[in-house]
Amino acid sequence: EGEFQMEIEMNGLNEPVLISSSHKMILGGRFLELKQKGKMMGMDYESIYTIGYNTIDSTISMTTITNMGTGTLALQGEWNENTKTATLYGKLTNPVSKQSINVRQTLEFTDDNTIIIQSFDQEEDKPEKKTVEYKFVRL
């Protein structure tokens, strides 16, 4: 929990974007909510991540919504205690082609003050490529 700075490194950006991020436990401490607000590419940007551990099937889930679109990215995967990293999988729809995009994200809690999310996309028969990295550092 607390106040963080989110650094976004994304294909197409000349330099990283810095955005404020507020993190808190919600729903009785069951989920971690990360709320971002700032400017990206000259536009107002807001997003909300929700991260949780499913005690029934022992998986990690993460949802992401932003004001840049109307879709919800829902990912689910396994936690690796040794690396403190979850590998999550889900699907997006390409807004131009309407084709499905396979998404893999890694969610790493490097220490109490740093979270790194890396996103990789794979479309049709093309190889997977890294598309964005989010680094959250406690202020």
Query raised in the report: For Asp44 and Phe109, FRET efficiency with R0 = 35 Å and r from the beta-carbon atoms, rounded to 0.05?
Result: 0.75
Requested in this report: Can you tell me how much longer the chain between Lys126 and Thr72 gets when fully stretched, taken as 0.36 nm per residue apart minus their C-alpha distance, in nm with one decimal?
Outcome: 17.1 nm
Report summary line: Between Met68 and residues 5 or more places away or on another chain, the pairs with built amide H atoms under 5 Å apart involve Glu46
Query raised in the report: HN-Hα J couplings of segment 125-139 from phi, Karplus 6.51/-1.76/1.60, θ = phi - 60°, integer Hz, Gly and Pro as x?
Result: 9, 7, x, 5, 9, 6, 10, 7, 10, 10, 10, 9, 10, 4, 7
Query - Surface/4 of the Cα convex hull for segment 64-119, nm² - result: 4.5
Report summary line: Straight-line reach check, Lys39, cutoff 18 Å on alpha carbons, 8 or more apart in-chain or any other chain, hits among lysines -> Lys135
Query - Candidate aspartates and glutamates - alpha carbon under 18 Å from Lys91, same-chain residues fewer than 8 apart omitted - result: Glu78, Asp121, Glu123, Glu124, Asp125, Glu128, Glu133
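Just so you know, all these numbers are worked out from the coordinates, no wet-lab data involved. Keep in mind that this is a model prediction, so the values were computed, not measured. FYI the Cβ positions are ideal-geometry reconstructions off the backbone, even for glycines, and counts take in every protein chain you see.
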